[in-house]
Amino acid sequence: ATLAFIPIEVANQSLIMLFTGVSTAARSIAVSSGAMFSSSASRRRASAGIRRAKVVVVGSGRMGQIRSSLIYANPRFELCGIVDTNFDAASVLAKTYETLPFQTLDEAIDIVNRIKGPLDALIVSSSTNTHESVVKEAAIHQLDVFTEKPVDETADKIIKLFDIAERGDISLCCGFQRRFDASYVAAANAVQRGDIGTPVTANIFFADHPCPPKEFLLSGGNIFMDLSAHDLDYIMHALEDDVVSVYATGTSSTDELEAHGVHDNANVLMKFSRGTTVNLFMSRSATYGYDQRCEIFGSAGLVSVGNESAHSAVLSNVDGVMKSKLKHSFPQRFNQAFASELDAFANTLLLDTPWPVTADQCVRVQRVADAAKLSCDEDRVVQIPVAPSSSVQEDVPIASAI
């Protein structure tokens, strides 16, 4: 159906849009959520003369919910819509944050541009296999893109999407949230300043919580693809160095997982070009909360990032010293990082600040994850060719086994 609307100026400067050709359900949702009118917060921001970036969130799942809440709370953004093929889910999330739900991206771009004015960007929180179509659509409409990791499923596909973004003259910004976490930032700065001397080795411990459903693991949730990317990006960023070889192995905690070749615990041993060795341990489940630690040992010192507890109260009595469990999961542990990440994206949209994660870095992270999976599958050390940073578009082999 086509959309037609008639703007009617009202006293508070809002525009009431009279829709024709839009379903009754969509009109009802728009009116009940207040999305057809400026909310009080929106009016206050507009009256203050703040230039806000107009964005649409693609995906209403867990990450879409996290992104929507933080965008809604950030005065530098205007949340203009939620897109999901599951229209009911989009509607629930849109109503929560006083915006419009859409079932297709084309519809969202068209209607938002007509009602709100030019859209600035898309926040892509949908599954990885949808990223290519979203980036292509964004390039056509010259909309910048913020996307969850990974940019796509393979290194070659990631290269292709960055090429599409470059030809479309848009920014493609991948979110690696440890780059924006205050503790991880401080640790990386210490390494890069030389505070620990020459990095010798690093140990990263990542135990997820809660454990994903068994059905998810059995349907193809690969631990190297799902869990490693954030830590791989972080350690290469902190060391300012590339991984040149990988040995990975995994175990299955139940007979059923083992029978299906699914690992829920894994180790990845990496050697870097300047000699640093790094071990990354990953587990699908820690019973006591979200366990995320990193320590980097150098010739002159050690820097570490510890866990965060649900609260800081400590009870000491005859029974011992008791404190809370760790934070429940990644939304609680990295809430500040997610908010800072989006604020950095606002800088990219509003101030033309370059995004700190480059195309080359995204490709290198995926190459290491691919190499780890190959190493585990074949029980071999895998060498990773290091391409010059200027050659992201070159056809470099993903990995070779020895």
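A few comments on the model shown:
- For the stretch 232-317, the set of chymotrypsin sites (Phe, Trp or Tyr not before Pro) satisfying both a DSSP loop assignment and a count of at most 13 other C-beta atoms within 10 Å is given as Y288.
- The stretch 190-237: proportion of alpha-carbon pairs further apart than 13 angstrom, %: 69
- Computed with a 1.4 Å probe over protein heavy atoms only, the accessible surface of the stretch 80-201 comes to 40 Å² per residue.
- Candidate lysines - alpha carbon under 25 Å from K325, same-chain residues fewer than 8 apart omitted: K214
- For the stretch 180-319, diffusion coefficient by Stokes-Einstein and Kirkwood Rh (Cα), 4 °C, 1.567 mPa s, µm²/s: 78
- Size of the stretch 112-200: Rg and Dmax of its alpha carbons, in Å, are 17.0, 57.
- Taking the square roots of five times each eigenvalue of the Cα gyration tensor of the stretch 80-138, the equivalent ellipsoid has semi-axes of 17, 16, 9 Å, listed largest first.
The values are calculated or read from the model by the stated rules, or taken from the named source; none is laboratory data. Here the structure is a predicted model, which is why all the values come from computation and not from measurement. With ideal geometry, Cβ positions are generated from the backbone for all residues, glycine too; neighbour counts draw on all protein chains shown. Surface accessibility is based on the protein's heavy atoms, side chains included, excluding ligands, DNA and RNA. Shrake-Rupley method; radii C 1.70, N 1.55, O 1.52, S 1.80 Å.
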